[in-house]
């Protein structure tokens, strides 16, 4: 698992180095001014088609058929909406949801900069370690993560013991079951969505722009504010968009790590779907959430010019990739490194307690355990269900990654080739699966799949996961396309290269970081999903997260911690092998 | 290059491996997995297969929403599903379950509070007070009643309560002196509901955790984050069995019943009916409590349970004297409103 280096520098006929403060979308004036040729436009629509078909059939149809229930069975009624308007609880829950999501997004962006900076300015081996640190939390189920966090943060938890031992506090601080608990849990798991695009943006930053600014007398702060920040903003905005949309749909983390004041709307929606069986009301709440999110998304697009940022912010890179300049680190840089390391510790903290916890013998998790045993590991290997579920999870995730990468990449490339007036609308439509509560999609897909026999197969689940995952690839590839210079494409085609050759040798290498980041997100989306699996699989096709959640209303089977421990162990071993191999080669 | 193609093909082939094919002629039992389903398997499913020759298969995750989806799309694959009283009643309201008549299953031995026209009771579990024996050691004053739970002066320290109103509203009124027989009558009035909510609101500053999963109160008690919890006897028992410093009080409790139902359109209804009759046989019915700390919902089963095991179970005749059964019909009617009011109170 390593994030590839950006493609090698190549000469660019239209390289206009971005200048501090000047938004860099002036990158490719020659091409931007040209009318889109009809053939190119047709290709664009063709690229959009597969994802559009999937989203229509496996997203719009099932979701709309369920959301319709919000307007009454049969006739048109606004009864449910009236209830939402009349009971103040629902407004306050919506406000809470948006506030928590906004705070999480802010925290993710702020905390991601030091980590991304650290990753961009250290040697390749340390960088590989950092990538693993950023991504490891995902490899464990959300149930394991939250459990580990609670062990760390609870009243008599590790952190409080530490703080009181050092003498910083005399009373236990309430870190969990309140707002801080929710923010910690959500920021932790959503941060990679910002770190990766930000890191890619930093690496794509032309070092000569930094050197030029320094040569003109800019201090480190000025360089950051006027060069680094504007040039990395597209990556940060892409990541922040994903985080915000994602955060709105969260309900497991707030339910377990927050208090009642942090009740989020997806909890209420899931409750109405699953417990109250009041699908009409759940549909009305989802419709309201969808409306509110769309308004915010559009305001965001207007304020930050998402489309502008996505489509033309970068210049074709001509110089060296961003790294430390000869000046070395400034005081601020050193501080950033320290902060980046602290954030890395924050990211890895739950993983560090998972191992010792998995070695405890008591079914009640504690840290440190009262006594040690391999009981849960034995359990994992002795009962075939765990291993089978892991294999199913990997199969479904494999199918999902393949589907999402192909559809998302094609759509992202296609979007740049159609007339600009269509782009905002299509872009908005294509990220909708991120906003709609997953349980709505899950129930809708069950109705869609039941007559076809897809329920209970890994195919049905993989289709559902692809719906969720393709938008990630779409967004990340779209962000990386900004550094692709279309004139290169024209040059290649003009020199007689076929479109396939051009794509293979020029287009794909440029956007590879975006594709890979999207693939990682797609994998994670599938590997961590519980809700779709709950509805679309049975005992033969259940995935690891579904198995982990079984019986969770009553107990937490510590075997899930062992399962997480094993996954982490395998990841770390792979990383070590990778490091050894690269060292030998070097 | 060739090797890579081969590898790709192998991976692709592996991805396409079909799941094992289903065998015919069986009964499918769907429940919540984990230790609970394991107990049912050992106590009832395996003996049933041996006695009747009916092969059983298991599935997990019988969410009411999924049952509804199955019934409405006529793709029911489950013959027996399990749920608490709330799930049962909400399913009944939507017509998801087959009625279970006296001709199908003889339920004459079932406790009155547990009888239902659409389900066969599988077990009784209770909501009661669990407390930390570190905070309230044996020998000193220990909390016994719901009044003690709400009395912060007498028993100081943090509490944990469910984040849903079921059992909490009842406990609050009982603590406030409402006789058990009048609790639901009182709750049905606006003033009574307010009385219950006010009682809970007064305790709010001392509530550290509003739990959403049954494992949480035990975790919080064990870690010392709270000194008292309103939770399920089976979970407290599991904590005590793992030597956590926990005890529970049987002086006052709100029992709930778990049910087995047949979804409408179940493919093997006849086998399911056979199974339901099988688990009501007294000696068989008693078996489940061997594996989990849930009590039988029949009278006959008790003659097959020794005193030592009965000590762990909520439904002994003695303990049911201080019990107020959760009224699932009341909750079916008033649940949505009560949940709204409760959520608003704990959030506000």
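FYI, it's all coordinate maths here, none of it is from the lab. Owing to the predicted nature of the structure, the values given are computational and were not obtained by experimental measurement. In this analysis, Cβ positions are derived from the backbone assuming ideal geometry, glycine residues included, and neighbour counts consider all displayed protein chains.
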Binned at 5 Å starting from 0, the alpha-carbon pair-distance distribution of region A:209-256 in whole percents comes out as 5, 19, 17, 13, 10, 10, 9, 7, 6, 3, 1
Treating the angle as unsigned and between 0 and 90°, give the value, to the nearest 10°, between the Cα long axis of helix B:2-15 and the longest Cα principal axis of chain B.
-> 60
Return one quarter of the surface area of the convex hull spanned by the alpha-carbon atoms of chain A, equal to its mean projected area, in nm².
-> 29.2
Quick one: work out Rg over Rh on the C-alpha atoms of region A:91-240, Rh as Kirkwood radius.
-> 1.06
Taking neighbour counts of Cβ atoms within 10 Å as a proxy for exposure, in what order, fewest first, do B:42, B:199, B:68, B:50 appear?
-> B:50, B:42, B:199, B:68
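So for the protein assembly as shown: antiparallel DSSP bridges make up what percent, rounded to the nearest 5?
For the protein assembly as shown, the DSSP antiparallel bridge percentage is about 65.
Tell me, what is the FRET efficiency for residue A:370 and residue A:225 to the nearest 0.05, using R0 = 56 angstrom and their Cβ-Cβ distance as r?
On the way: r = 52 Å, r/R0 = 0.94.
About 0.60, to the nearest 0.05.
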Using only the alpha carbon atoms of region A:164-304, find the Kirkwood hydrodynamic radius as the inverse mean reciprocal pair distance, in angstroms to one decimal.
-> 18.5
P(r) of region B:223-306 over all Cα-Cα pairs, 5 Å bins starting at 0, rounded to whole percent, reads 3, 11, 17, 17, 16, 14, 9, 7, 5, 2, 0
Note to self: Kirkwood Rh of region A:465-523, Cα pairs, one decimal, Å, is 12.1
Additional length obtainable on full extension of the chain from residue B:329 to residue B:145, 0.36 nm per residue less Cα span | 63.7 nm
What does the convex hull of the Cα atoms come to per residue for region A:378-446, in Å³?
-> 123
Label-point separation, residue B:115 to residue A:330 (7 Å along Cα→Cβ), nm | 8.2
Direction-averaged shadow area of the convex hull around the Cα atoms of region B:307-347, nm²?
-> 4.5
Starting from the Cα of residue B:251, step 7 Å toward the Cβ, then list every residue of region B:180-210 with an amide N under 19 Å from that point.
-> B:180-181
Neighbouring Cβ atoms within 10 Å as the yardstick, rank B:333, A:546 fewest first.
-> B:333, A:546
Surface/4 estimate of mean projected area, convex hull on alpha-carbon atoms of region B:68-143, nm² = 8.5
What is the pair-distance distribution P(r) of region A:428-578, computed from all Cα-Cα distances in 10 Å bins starting at 0, with each bin given as a whole percent?
-> 10, 27, 28, 22, 11, 3, 0
Quick one: of the DSSP bridges fully inside chain B, what percent are antiparallel, nearest 5?
-> 60
Over the alpha carbons of region B:195-348, what is the largest minus smallest coordinate on each principal axis, giving the biggest first in Å?
-> 51, 40, 29
In nm, spacing of pseudo-spin labels at residue A:41 and residue A:577 (7 Å Cα→C-beta vector) = 5.2
Once both labels are modelled 7 Å past Cα along the beta-carbon direction, what's the residue A:569-residue A:85 spacing in nm?
-> 5.9
Subtracting the Cα-Cα distance of residue A:323 and residue A:207 from 0.36 nm times their residue separation yields 41.1 nm
Scattering profile of region A:409-479 at q = 0.19, 0.23, 0.26 Å⁻¹ [log10 I(q)/I(0), Debye over alpha-carbon scatterers] | -0.81, -0.97, -1.09
Pull out the extension gain between residue B:101 and residue B:26, defined as 0.36 nm times the separation in residues minus the alpha carbon to alpha carbon distance; nm, one decimal.
-> 24.7 nm
Would you please calculate the Kirkwood hydrodynamic radius of region A:63-145 over all C-alpha pairs and express it in Å, rounded to one decimal?
-> 17.3
Diffusion constant of chain B at 4 °C, which comes from Stokes-Einstein with the Kirkwood Cα-pair radius and 1.567 mPa s, µm²/s | 59
